[in-house]
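The values are calculated or read from the model by the stated rules, or taken from the named source; none is laboratory data. Computed from a prediction, not measured in an experiment: that's the story for all the values here. Neighbour counts are summed over all protein chains in view; Cβ atoms, including those assigned to glycine, are modelled from backbone coordinates with ideal geometry. The accessibility values were calculated without ligands, DNA or RNA, using every heavy atom of the protein model including side chains. Shrake-Rupley method; radii C 1.70, N 1.55, O 1.52, S 1.80 Å.
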Amino acid sequence: MSSATLATLVNHQVRLAARPVGPVKAGDWQFTEEPVAEPAEGGLVVKTLALSLDPAMRGWMNEGKSYIAPVGIGEVMRAGGVGVVVASKNADFAVGDAVAGAPGVQEYWSVAPDQVKRSGLAKIDLRLGTLTQWLNVLGMPGMTGYFGLMDVGQPKAGETVVVSGAAGAVGQTVGQVAKIKGCRVVGIAGGAAKCEWVVKELGFDACIDYKGGSVRDGLKQHCPDGVDIYFDNVGGEILDTVLTRINRKARIIICGAISQYNNTTAVAGPKNYLSLLVNRARMEGIVVFDYADRYPLAIAEMAGYLKGGRMKSKEDVVEGGVAAFPGTLNKLFTGENFGKLVLKIAD
Ligand SMILES: NC(=O)c1ccc[n+]([C@@H]2O[C@H](COP(=O)([O-])OP(=O)(O)OC[C@H]3O[C@@H](n4cnc5c(N)ncnc54)[C@H](OP(=O)(O)O)[C@@H]3O)[C@@H](O)[C@H]2O)c1
């Protein structure tokens with residue numbers, strides 16, 4: 001894109017205006033716009049095509065220590081995404097390259113020369129998967145599910161794997177990879193439609209609808225030999241219930257606790273943790289970024305499953321650009337998303 005054309009562009013952005021208390025409100029956001037500047041020598045400009053909307057965003061809005069610094073008040077909201085390079089003064093990136101990275105909730109991402117390597121910006125190969133698959137199975141949630149299951153869970157063929165948030169981004173990868181590795185897989189999800197989908201379309205052995213019945217009864221019915229691996233995406237009562245059904249040497253993967261993210265009181269910890277003692281079991285957390293140097297291996301493996309028809313990737317793509325960001329983010333906490341939640345920004 002020429003300098004003259006760049007100068008005509010307006011970058012619409014969403015910034016964090018206030019730290020939310022409980023569920024995020026409209027007033028926690030500020031909409032701004034800026035001109036798009038010519039990149040400096042070594043830098044580039046990416047046009048955002050689609051953003052990844054993640055439960056972790058809720059945590060990034062809070063003050064306090066975590067695995068990553070909080071988003072500052074007044075800063076563009078942090079977000080992963082995919083886009084296309086529209087201006088480049090960097091020899092490693094050409095105009096037209098498809099890329100993934102962390103553009104933030106804005107239409108254009110100006111990557112300063114000293115940020116190109118540090119920002120995690122990377123070219124993506126659209127022969128391996130579509131743009132939105134690069135935000136799902138081939139992207140951050142897929143890497144989380146893959147390494148959480150394989151590295152922390154260490155599944156063996158014949159074992160029983162239970163995964164909550166089963167129809168979501170991480171959950172769909174966990175269940176499908178566990179099936180491919182020869183495990184019996186039981187999902188937990190909210191609603192009959194999601195449960196039917198993970199069983200009929202993804203090939204899970206069963207799925208427990210936690211909104212329509214008792215998780216305890218569902219586990220008794222569908223995990224008659226107990227639970228060897230529990231991949232926990234939701235925390236709270238569901239974690240506590242699964243803990244009552246684990247086997248000796250079970251592995252509990254603590255990936256997230258979405259049921260707790262909007263709490264105004266302390267996170268409810270598991271009451272039944274002594275089950276770990278009785279069963280000589282372990283509970284271990286995962287942070288996906290620790291596996292960044294091994295992403296290419298997992299991407300190659302899962303792209304092979306996608307191409308071979310052994311794996312599916314479902315994204316829930318919402319239209320509306322950055323203006324639709326606040327309302328769309330809330331869908332994660334009501335369970336209105338069906339599959340990986342993606343906000344389309346541009347064609
Ligand atoms: N540790 C890491 O590195 C890492 C990386 C990525 C994601 N995560 C975590 O992984 C989890 C899943 O993330 P995702 O991106 O795959 O999201 P997702 O599952 O695609 O979407 C969130 C889903 O959570 C479920 N949910 C919402 N409120 C709930 C509640 N109160 N109780 C039970 N389920 C509830 C809803 O599904 P239902 O309709 O089934 O209720 C909703 O669709 C999150 O906890 C996230 O923070 C961790």
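For every other residue with a beta carbon closer than 13 angstrom to the beta carbon of GLY27, add +1 if it is Lys or Arg and -1 if Asp or Glu, then tell me the sum.
Numbers: positive: ARG15, ARG19, LYS25; negative: ASP28.
Local net charge: +2.
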Q: Show the residues, 5+ positions off or on another chain, whose built amide H is closer than 5 Å to the amide H of ILE252.
A: TYR230, ARG282, MET283, GLU284
Q: Could you check which residue among ASN279, ASN330, ASN247 shows the biggest mean-square fluctuation in a GNM of the chain with a 10 Å Cα cutoff?
A: ASN279
Q: Go through ALA189, MET61, VAL36 and say which Cα lies farthest out towards the positive end of the charge dipole of the chain; charges sit on Cβ, +1 for Lys and Arg, -1 for Asp and Glu.
A: ALA189
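Provide the FRET efficiency to the nearest 0.05 for the LEU277-ASP151 pair, computing r from the beta carbons and using R0 = 30 Å. Walk me through the intermediate numbers first.
Values: r = 24 Å, r/R0 = 0.79.
Efficiency computed from Cβ-Cβ geometry: 0.80.
Per residue, how much accessible area does segment 202-242 have with a 1.4 Å probe, in Å²? Write out the running numbers ahead of the final one.
Values: 1630 Å² over 41 residues.
Normalised by residue count, the accessible surface of segment 202-242 is 40 Å².
Quick check: at a probe of 1.4 Å, how many percent of the accessible area of segment 51-110 sits on carbon and sulfur atoms? Please list the in-between numbers first.
On the way: 1240 of 2270 Å².
Here it works out to 55 percent.
Could you tell me whether segment 1-154 comes out rounded, prolate or oblate from its Cα gyration tensor? Rule is a ≥ b ≥ c as square roots of the eigenvalues, rounded for a/c under 1.5, then prolate if a/b exceeds b/c, otherwise oblate. It would help to have the intermediate numbers written out before the result.
Values: a/c = 2.01, a/b = 1.15, b/c = 1.75.
Oblate, since a/c reaches 1.5 and b/c is not below a/b.
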**Q.** segment 4-55, accessible area per residue, ligands and nucleic acids excluded (1.4 Å, Å²)
**A.** 43 Å²
Q: Could you grab the relative contact order for segment 1-96? Cα pairs under 8 Å, six or more apart, rounded to a whole percent.
A: 33 percent
Q) Tell me, what ³J(HN,Hα) does each residue in segment 33-42 have, in order and in whole Hz, if you take phi through Karplus 6.51 cos²θ - 1.76 cosθ + 1.60 with θ = phi - 60° and put x for Gly and Pro? A) 9, 9, x, 9, 8, 4, x, 6, 4, x
Q: Show the residues, 5+ positions off or on another chain, whose built amide H is closer than 5 Å to the amide H of ILE345.
A: ALA50, LEU51
Q. What angle do you read, to the nearest 10 degrees and between 0 and 90, between the alpha-carbon axis of helix 295-307 and the longest principal axis of the chain?
A. 80 degrees
Q) Summing +1 for each Lys or Arg and -1 for each Asp or Glu, what net charge is found among the other residues whose Cβ lies under 12 Å from the Cβ of VAL215? A) 0
Q.
Give the separation of the Cα centroids, segment 35-62 to segment 268-343, in Å.
A. 20 Å
(Q) How big is the dipole moment of the chain about its Cα centre under a simple scheme where the beta carbon of each Lys and Arg is +1, that of each Asp and Glu is -1, and everything else is neutral? Debye, nearest 20, please. (A) 1080 debye
Q. Protein chains only, probe 1.4 Å: how do PHE231, PHE289 rank by accessible area, largest first?
A. PHE289, PHE231
Q.
Could you compute the net charge surrounding VAL174? Neighbours are other residues with a C-beta less than 11 Å from the C-beta of VAL174; K and R count +1, D and E count -1.
A. +1
Q: Report in % the part of the accessible area of segment 130-285 that belongs to carbon and sulfur, leaving out ligands and nucleic acids; probe 1.4 Å.
A: 52 percent
Q) How large is the dipole of segment 1-90 about the Cα centre if only Lys and Arg carry +1 and Asp and Glu carry -1, each at its Cβ, rounded to the nearest 20 debye? A) 260 debye
Q: Evaluate the charge dipole of segment 225-335 about its Cα centre and quote only its size in Debye, nearest 20, assuming +1 on the Cβ of each Lys and Arg and -1 on the Cβ of each Asp and Glu.
A: 380 debye
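Cα gyration tensor of the chain, axes a ≥ b ≥ c as square roots of the eigenvalues: rounded (a/c below 1.5), prolate (a/b > b/c) or oblate?
Details: a/c = 2.14, a/b = 1.67, b/c = 1.28.
Prolate is the answer for the chain, as a/c is 1.5 or above and a/b outweighs b/c.
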Q: Please report the relative contact order for segment 269-347, taking Cα pairs under 8 Å with a sequence separation of at least 6, and give it as a percent rounded to a whole number.
A: 26 percent
Q: Starting from the Cα of VAL21, step 7 Å along the direction of its Cβ; do the same at TYR67; then give the gap between the two resulting points in nm.
A: 2.9 nm
Q: Return the sequence-ordered ³J(HN,Hα) values of segment 146-156 in whole Hz as given by the Karplus equation 6.51 cos²θ - 1.76 cosθ + 1.60 applied to θ = phi - 60°, using x for Gly and Pro.
A: 5, 6, x, 5, 6, 7, 7, x, 6, x, 10
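For the chain, what's the relative contact order in percent, using C-alpha pairs closer than 8 Å and at least 6 residues apart? Kindly include the intermediate steps, with their values, before the conclusion.
Numbers: 761 pairs, mean separation 59.4, N = 347.
Result for the chain is 17 percent.
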**Q.** Cα gyration tensor category, rounded, prolate or oblate, for segment 134-232 with a/c compared to 1.5
**A.** oblate
Q | Helix-only CD estimate at 222 nm, as mean residue ellipticity for the chain, using -39500 (n - 2.57) per DSSP H run (n ≥ 4) | A | -6500 deg cm²/dmol
Q: Using the Karplus curve 6.51 cos²θ - 1.76 cosθ + 1.60 with θ = phi - 60°, work out ³J(HN,Hα) for each residue of segment 287-293 in order, rounded to whole Hz, and write x for Gly and Pro.
A: 10, 4, 4, 5, 9, 3, 6
